[in-house]
Structure formats: structure tokens, C-alpha cells
Amino acid sequence: MTPRLSSCSRTGGAGADRLAAFRPSRGPQRPTRAARQVFAKAVATPTKEASTSASKSASISSETAKELYRDMVLGREFEEMCAQMYYRGKMFGFVHLYSGQEAVSTGVIKACLRKDDYISSTYRDHVHALSKGISARKIMSELFGKKTGTCRGQGGSMHMFDAEYGLLGGYAFIGEGIPVGLGAAFTSAYKRRVLGDDGADQVAVNFFGDGTCNVGQFYESLNMASLYKLPCIFVVENNRWAIGMNHLRATGSTLGDEEPWIHKKGPAFGMPGVHVDGMDVLAVREAALEAVARARRGEGPTLIEAETYRFRGHSLADPDELRSREEKEHYAARDPIPQLRAYMLKHGLASETDLAELHASVAAEVDDCVEYADASPKPDMSQLLENVFADPKGFGIAPDGRYRYELPGFTAGTAEVS
Amino acid sequence: MQFLARASAASLRRSQAATEAFQRLGACGYATTQLTVRDALNSALDEEMERDDKVFIIGEEVGEYQGAYKITRGLLQKYGAKRAGFTGIAVGSAFQGLKPVVEFMTFNFSMQAIDQIVNSAAKHHYMSAGQITCPIVFRGPNGPAAGVAAQHSQDFAPWYASVPGLKVIVPYDAEDNRGLLKAAIRDPDPVVFLENEIMYGESFEVSEEVLDKDFVLPIGKAKIQREGTDLTIVASGKLVGFALQAAAELDKDGVSVEVVNLRSIKPLDRETIAASVKKTHRLLTVEEGWPQHGLGSEIIAVVVEEAFDDLDAPPERVCGVEIPMPYATPLEDAALPHVSDIVRVARRMFNLE
Ligand SMILES: Cc1ncc(C[n+]2csc(CCOP(=O)(O)OP(=O)(O)O)c2C)c(N)n1
Ligand SMILES: [Mg+2]
């Protein structure tokens with residue numbers, strides 16, 4: 001609280017108008033030279049295709065390539081294990097797998113983000129969490145509903161949170177996570193611009209699907225991000241389907257096009273829109289590196305549309321009857337993992353033995369996390385009434401005048417709380 | 001988002017699925033027949049679309065996917081699809097005389113459209129001094145489901161029931177679902193129709209009368225689902241089934257339970273509730289929602305107002321625990337009411353423990 005006040009006077013004096021730091025500079029307050037240049041650049045290349053990596057000579061080190069490869073394999077193996085565990089009744093409810101889309105999570109999160117950056121995700125969140133560095137043990141335990149999970153078994157598959165790693169949440173409602181991520185970006189900008197914390201250059205990345213681009217929060221957030229030049233990156237994982245609704249049946253075409261291009265909506269809101277092959281981790285990485293650097297420099301948001309595909313049904317409960325075999329085969333042939341593998345071998349970034357070792361180490365990690373989750377204890381009944389309020393006085397006062405949370409049964413989960 | 005609307009008579013083709021549903025219904029040469037809740041809803045939608053070409057269905061996945069819970073099965077093939085997006089449009093079209101049935105994949109998602117329901121649909125008739133009417137139905141599964149945690153598992157009945165201008169229905173069995181959905185579609189006002197995912201596959205015996213294409217139940221009238229003399233249990237939707245099971249259990253203790261199936265929670269059938277309590281002198285309310293400001297609170301208020309002197313014991317409530325729904329099974333289990341809870345509380349009311 002104190003630094004906020006002192007910095008206010010530092011930033012502007014005139015009253016406590018903290019949002020002044022966020023207003024777009026218009027009229028007499030001309031944009032700075034740097035900002036003008038960026039603006040011009042964004043207009044000059046309003047939307048673009050990120051170059052595909054295949055045509056180039058190796059642009060990454062062997063170490064980086066191995067790190068990205070391992071992350072993608074871990075994502076895939078983890079999800080395939082989830083399917084087995086779901087069918088064995090170890091996890092329940094709705095479980096949405098990410099298989100096929102790994103290049104996006106890896107190319108953005110693993111390749112470009114720091115631990116203190118933020119990501120917001122959807123119900124399809126396990127692999128985003130893994131790429132961010134959260135241990136497979138904690139994630140699997142959450143899926144098993146165990147006390148050792150990211151949220152002690154309270155959140156489950158669709159609601160992963162980890163404050164330490166900047167995982168803002170898995171959100172079950174489509175569009176819900178976008179403004180939440182934007183709020184984190186706003187906080188980062190606020191720290192820098194209002195509280196004078198020059199080190200605050202964290203960015204927030206919002207992941208969501210093609211279907212979600214037809215809900216209001218998406219457009220509202222694009223506007224605010226652009227208006228306040230927030231360090232926010234919108235990553236649309238366009239896998240062509242929203243459950244059983246095909247993207248082309250749900251979305252009107254962009255002007256002059258045969259089909260809808262989501263990345264073209266960026267420039268309309270004043271930010272670059274980038275189209276990238278979401279099955280090519282190096283292309284994703286390249287687009288994300290640029291967007292993250294731009295955000296860190298304080299130059300504002302970017303919209304990235306990554307064309308990708310999920311190799312399984314919408315959730316493990318989805319019979320997946322509407323997608324054609326041809327379409328599935330088309331994308332299976334573009335599986336991001338063999339693609340990177342071929343690239344690494346071709347450019348001498350790894351040997352067959354190196355890759356076999358990576359696979360073995362992933363297999364061991366996935367087996368370990370299942371064993372760990374299985375052996376972990378279930379939540380105690382004491383958890384039942386905890387975490388509803390940060391201040392449990394919210395449960396009110398009991399007939400004997402004490403707060404209800406002080407009643408003997410509270411920690412046993414048996415107290416009367418209303 | 002999609003909508004299904006009746007095309008010209010010439011293009012009406014009955015799908016395989018719809019035909020099967022009809023054949024099942026058509027087996028009414030007998031006095032009674034079995035009907036699932038899903039077929040009750042499907043046939044009600046089908047018949048009402050057939051009857052009135054202003055009735056159309058709009059929602060997510062109501063077309064090719066046949067509805068997330070297959071309630072609209074066969075209707076795409078029969079009526080054809082036109083596409084658009086969604087609650088606000090539906091409300092706007094209702095203001096102009098169409099009769100949309102909005103399917104929410106689950107009522108959890110209706111929160112996205114709460115402004116259109118509460119501020120637009122519910123209030124326009126009043127604000128416009130009767131110039132605008134809103135003959136719309138909002139329907140879909142409501143209430144806790146299994147293993148889906150805080151955001152997908154909750155009961156919105158008390159939310160909607162607190163809004164002037166909305167009618168709110170919570171059907172229990174096949175008869176309720178069929179008769180009340182038809183009534184809701186024919187009603188000139190906005191109706192919120194709260195189904196339950198867990199009930200869709202349940203089968204109930206229905207009479208020939210229920211299968212008549214003009215079978216409609218009155219909105220605002222409760223049903224005595226089981227007669228009894230010692231204790232009134234008031235419930236709605238899935239919980240009526242719980243109450244019936246508890247009643248059978250309590251019979252063994254010699255407690256004769258009357259079960260009131262509310263059917264509609266707004267308007268609330270005060271007379272039926274009060275009359276039952278005047279007979280039994282004891283009241284227990286059952287719901288899956290949270291206790292504070294819930295259905296039970298309202299029903300107890302009604303009984304205190306209408307039948308206070310007839311009460312022989314303080315009324316009791318069985319509700320969900322006042323927490324967001326946890327994911328882990330043991331916690332989820334502890335957060336929800338069970339038949340055994342109803343039995344336990346009822347016994348307590350008779351000092352049987
Ligand atoms: C507000 C809201 N409405 C409906 C749903 C049901 N629903 C779950 S996933 C989904 C489709 C989302 O598709 P997309 O954004 O393309 O993401 P993907 O599943 O392909 O990753 C829908 C409609 C929801 N979760 N939230
Ligand atoms: Mg999608």
C-alpha cells in the first residue's frame with residue numbers, strides 16, 4: 001500500500017489519477033518517438049505469416065531443441081496416460097486432452113516465458129501447466145483428486161491453479177480466462193508505470209480456442225489490451241473445432257476472404273496479428289519470441305493465431321463422430337513431435353540415442369507421477385469448509401457468539417456454517 | 001451457436017431418430033407406457049415446433065451434435081438448421097413475436113447471458129407497459145453433476161426464482177417434463193426450465209393422457225407426489241425422487257410422509273404447501289442448492305405465514321453445504337445431500353434417534 005501512494009506522486013502529481021498512466025496518448029500529449037515507430041510498424045505489417053522453420057538452417061541450439069522436444073513428448077505422454085487413468089476410473093468428470101497441440105504450449109510457454117510470467121488457460125490445461133514448469137506429480141495428483149495436487153484436489157482437471165508458477169487458472173467457461181489474463185498484464189504494467197517498479201516486465205499469455213473467439217470477452221479484452229498497451233499476448237489455438245461445431249460453420253469470413261481469419265482481427269483493434277503453423281514448434285517459438293519481446297518492451301499486445309489440431313475428441317466423453325477421417329489424417333501427418341524430431345536429426349541437433357534417452361526419461365517421469373498420485377492421500381474432511389473465504393469470519397457468527405469458524409466441528413467439516 | 005427452425009411443409013422430413021421417438025410414444029394403445037425424461041423433452045419440443053412455426057430452438061451444439069445431452073436428437077434432420085448466435089438474439093426475436101427455446105448446454109453457462117435474461121427478458125413487459133412480450137423458454141440441465149467441480153456443479157433455481165417477471169419450472173419425471181415444457185413453450189412470458197442431467201436417462205411410467213399432443217400441465221401448480229399424514233417433505237426436480245426414497249425408508253419407522261413436488265418454483269403453489277402442512281403439522285424441505293436465501297428458506301417463510309399455528313415442530317432444511325463444489329470425490333460427497341440425510345433429519349424431527 002505505501003509504495004503505491006509514494007509512487008503516485010512520482011508519476012503525475014495531479015490528484016491520484018493512477019489510470020492516467022494507462023490512457024492512450026492523444027491530442028497535445030503526442031506519442032513518444034518509440035511508440036510512434038512501433039505503431040507505424042504495426043500498421044505496415046498489420047497481419048503476417050510467421051515464417052516456417054523448415055526452410056531455414058538450424059536457428060536453435062541443440063540444448064534448446066532438446067528442451068522443446070522433451071516438453072512436447074512429456075505433454076503427449078502425460079495426456080495419453082490421463083486417458084488410461086480416466087478409463088480406469090482414477091479421474092472423473094470432464095477431462096479434455098491436449099494431444100496434437102503441443103507445439104503451441106511448448107513453443108510459447110517453454111520456449112519464451114519465465115517462471116514469473118503469467119498464463120491463463122482453459123479446461124484443456126494440463127499441458128500448459130507442464131510447460132510452465134509445474135511438476136507432473138502435482139498435476140497428476142490433482143487429476144486423481146488427491147491432497148498433493150496443485151489445488152489439494154479441490155479444482156480437478158478443468159481448474160488448475162499455481163500461483164508460484166504464474167498459472168492463473170484453468171477456466172471451465174470459454175472466454176472467462178481472457179480478461180483474467182489481461183488483469184495480470186494490467187497488474188504488471190501498473191507495477192511498472194504507477195508503482196515505479198522498473199523490474200516489472202512480466203507478460204501474460206492467454207490461451208483459448210477458435211470457438212472462444214466468438215464470445216464477447218475476446219473482443220472486449222482486445223480493445224482494453226490495445227487501449228492500455230498491456231503486456232498481453234493472445235494465443236488462439238485454432239484447432240478448427242469447438243466440440244462438434246466447425247470453425248467455418250460458426251464464424252463469418254473476414255472481409256475479402258473465403259474463410260474467417262482470427263489473426264486479422266488484431267489490427268482492427270490496433271495490434272499485430274500473426275498467423276502461425278501451430279504444428280511447427282519452431283515457427284510458434286519465433287512468433288512468440290517477437291510478441292513477448294514487444295510486450296516486455298512496453299509496446300503492447302499481439303494476437304497470434306496458431307493453426308493446430310486435437311488428435312482426440314473434445315473430451316474423453318466425446319464420441320468424436322463429426323470430424324472426417326481425411327481431416328484427421330491430414331493433421332496426423334503434421335504431428336509436431338515427429339516434425340521436430342526429423343528437423344533435429346537433419347540438422348545434427350540430436351542423435352537417435354539422444355532422442356531415445358529423452359523418451360525414456362519422459363516415460364519414467366510419467367510413470368513416477370502416476371505412482372505418486374496413486375499413493376497420495378485423499379483430501380481430509382478438514383478441507384471441506386476451508387478456502388471458501390480468505391477470512392473465514394465470512395461464515396458469520398454462531399449462536400454462542402463465537403465466529404462459526406471457531407466452532408469445534410469446523411476443521412472436521414461438520415460445523416453448521418449457515 | 002445454432003438454431004433449428006421449421007422449414008416449409010414440403011421440406012419436412014422426419015429423421016430416423018425422431019421417428020423412433022415417435023414410435024415409442026406411439027405405443028399408446030396401452031393404458032400406460034414407459035417414457036424417459038429425454039424422450040419426454042424431445043417429443044415436447046418436436047410437437048410444439050410442429051404445432052407453431054414461430055417456435056424455434058437456439059443454442060450451442062443443438063444441431064449436428066444433437067444437443068450436448070441429445071435432447072434435440074433428430075430435430076435438425078426434421079426441421080433443418082439456420083445458424084446465429086444466441087441468447088440476446090433469441091430475446092430480441094421473442095420481443096418481435098417469435099417463440100425461441102434457448103438451450104443452454106448447462107445452466108452454468110447461462111451466467112454469460114444473465115443480463116439478457118434478467119434485465120431484458122424479465123423486465124421488458126413491465127418497462128414497456130405491456131407493449132412488449134417475451135414468449136421465450138430458457139432450458140437445459142441445472143444443478144450439481146458428478147465430478148465436474150465448482151464451475152459446472154451448482155443449482156441456479158433460487159437465482160432465477162428471485163427475479164420478478166420470470167416463471168421458473170423444475171420438473172421431476174417424464175410427465176412433468178413433457179407437460180411443463182409444452183406449457184412453457186405456449187406461455188406468453190419468459191420461462192426458465194431447469195432440467196437435471198442425471199435424470200435424462202430415467203424412465204417413468206406415463207398414462208395415455210400424457211402422450212396426447214395437447215397435454216399441458218398448469219404452471220404454478222404443485223403436485224402431491226405421495227400422500228401421507230405425519231410429515232410434509234417439499235422438493236423439486238431430482239430431489240423429489242430422493243424424497244420418495246426417504247419416505248419409503250421412514251415408512252418402516254411408522255412415519256407417514258407426504259411428498260410435495262413443487263413443479264414450478266415461481267409462481268409457488270402456496271396453497272398446496274400450506275394445506276399439506278396443515279394436515280401433517282411438520283415440514284422438511286429438500287434441495288441441492290445452498291442454504292442461505294434458498295428454496296427451503298422461501299418455503300419455510302410460506303409455511304410460517306400460512307400455517308404457523310399448525311406446526312408441531314420447527315421446520316427443517318436439507319441442503320447442499322455452503323461451499324463451491326469440490327472436485328475430489330469424498331469432499332463432493334460430503335457437500336451434497338443424500339437420501340440418508342433426509343431420513344436422518346426426519347427422524348430427528350420425531351426424536352427417533
Ligand atoms: C460460457 C461457456 N459456454 C459453453 C461452454 C461449453 N463448451 C465447452 S468447450 C466449448 C467449445 C470451445 O471450443 P474452442 O474455444 O475452439 O476450444 P477447444 O475446445 O477447441 O480447445 C464449449 C462451447 C463453456 N465451457 N463455457
Ligand atoms: Mg477449437
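Read the figures in this text as sums done on the coordinates, not as results from a lab. What you see is a predicted model; the values in this text were computed from it and never measured. With ideal geometry, Cβ positions are generated from the backbone for all residues, glycine too; neighbour counts draw on all protein chains shown.
For a straight C-alpha distance cut-off of 12 angstrom, the aspartates and glutamates reachable from A:Lys191 (same-chain residues fewer than eight places away being disregarded) are A:Asp201. Around B:Ala334, what is the net charge, scoring Lys/Arg as +1 and Asp/Glu as -1 over all other residues with Cβ under 12 Å from its Cβ? Here the count lands on -3. In whole angstrom, how far apart do the alpha carbon centroids of segment B:109-125 and segment A:63-131 sit? Here the answer is 37 Å between Cα centres. Contact order, relative form, for chain A: 21 percent (alpha carbon pairs under 8 Å, 6 or more residues apart, mean separation divided by residue count). Here is the P(r) of segment B:31-108: all C-alpha pair distances, binned every 10 Å from 0, give 18, 51, 26, 5, 1 in whole percents. Counted over segment B:2-211 with a bin width of 10 Å, the fraction of Cα pairs per bin, in whole percents, is 9, 36, 37, 16, 2. The order of the peptides A:402-410, B:118-126, B:226-234 by mean Cβ neighbours within 10 Å, most packed first, is B:226-234, B:118-126, A:402-410. Taken over segment A:343-402, the ratio of Cα radius of gyration to 2.2 N^0.38 Å equals 2.38.
So how tilted is helix B:174-186 from the main axis of chain B? Cα-based, degrees 0 to 90, rounded to 10. Long axis of B:174-186 versus the principal axis of chain B: about 50 degrees. Diffusion coefficient (Stokes-Einstein, Kirkwood radius over C-alpha pairs, 37 °C, 0.692 mPa s) for segment B:223-349: 227 µm²/s, rounded to a whole number.
If you look at the Cα atoms of the protein assembly as shown, you get an Rg and a Dmax of 28.5, 89 Å. With no solvent and one equal point scatterer placed on each C-alpha of segment A:252-306, evaluate the Debye formula and give log10 I(q)/I(0) for q = 0.14, 0.26 Å⁻¹, two decimals. Normalising to I(0) and taking log10 leaves -0.40, -1.01.
Over chain A, DSSP H runs of length four or greater, each weighted -39,500 (n - 2.57), average out per residue to a 222 nm ellipticity of -12000 deg cm²/dmol. The modelled label-to-label distance between A:Arg402 and A:Ala293, using points 7 Å beyond Cα along the C-beta direction, is 6.1 nm. Using a cut-off of 29 Å between Cα atoms, the listed pairs A:Lys66/A:Lys264; B:Lys123/B:Lys279; A:Lys229/A:Lys393; A:Lys110/A:Lys346 include A:Lys66/A:Lys264; B:Lys123/B:Lys279; A:Lys229/A:Lys393 as exceeding that distance. With both labels modelled 7 Å from their Cα along Cα-to-Cβ, the B:Ala146 to B:Ser203 distance reads 1.9 nm. A helix-only calculation puts chain B at -10000 deg cm²/dmol for mean residue ellipticity at 222 nm, using -39500 (n - 2.57) for each DSSP H run of at least four residues, averaged over all residues. For A:Lys328, the aspartates and glutamates whose Cα comes closer than 13 Å to its Cα, not counting residues fewer than 8 places off in the same chain, are A:Asp320. Radius of gyration over Kirkwood radius for segment A:149-253, both on Cα atoms: the Rg/Rh ratio is 1.03. Bridges between two residues of the protein assembly as shown, per DSSP, are antiparallel at a rate of about 30%.
Ranked for footprinting exposure by Cβ neighbours inside 10 Å, fewest first, A:Tyr118, A:Tyr87, B:Tyr69 give A:Tyr87, B:Tyr69, A:Tyr118. Under 27 Å of direct C-alpha separation, and excluding same-chain neighbours fewer than eight residues apart, B:Lys213 reaches these lysines: B:Lys54, B:Lys70, B:Lys78, B:Lys82, B:Lys99, B:Lys167, B:Lys182, B:Lys221, B:Lys223, B:Lys238, B:Lys266. Placing one identical point scatterer on every Cα of chain B and ignoring solvent, what is log10 I(q)/I(0) from the Debye formula at q = 0.10 Å⁻¹? So the normalised log intensities work out to -0.61. For the listed peptides B:303-311, A:334-342, A:245-253, B:258-266, a ranking on the average number of other beta carbons within 10 Å per residue, highest first, reads B:258-266, A:334-342, A:245-253, B:303-311. Where a ≥ b ≥ c are the square roots of the eigenvalues of the C-alpha gyration tensor, would you call chain A rounded, which needs a/c under 1.5, or, failing that, prolate if a/b is larger than b/c, or oblate? Verdict is oblate for chain A. If you plug the beta carbon distance of A:His359 and A:Met381 into 1/(1 + (r/R0)^6) with R0 = 41 Å, you get a FRET efficiency near 0.50. When only alpha carbons are used to place a centre, segment A:254-278 and segment A:296-333 end up 17 Å from one another.
Sorted ascending by nearby beta carbons within 10 Å, beginning with the fewest, A:Lys346, A:Lys110, A:Lys66 become A:Lys346, A:Lys66, A:Lys110. Ordered by the number of other Cβ atoms lying within 10 Å of each residue's own Cβ, fewest first, A:Ser121, A:Ser99 fall into the sequence A:Ser99, A:Ser121.
For chain B, the relative contact order comes to 15 percent (Cα pairs under 8 Å, sequence separation of at least 6). The mean count of C-beta atoms from other chains within 10 Å of the C-beta of residues in A:154-162, rounded to a whole number, is 5. Any idea what % of Cα-Cα pairs in segment B:280-353 are farther than 21 Å? More than 21 Å apart: 33 percent of the Cα pairs in segment B:280-353.
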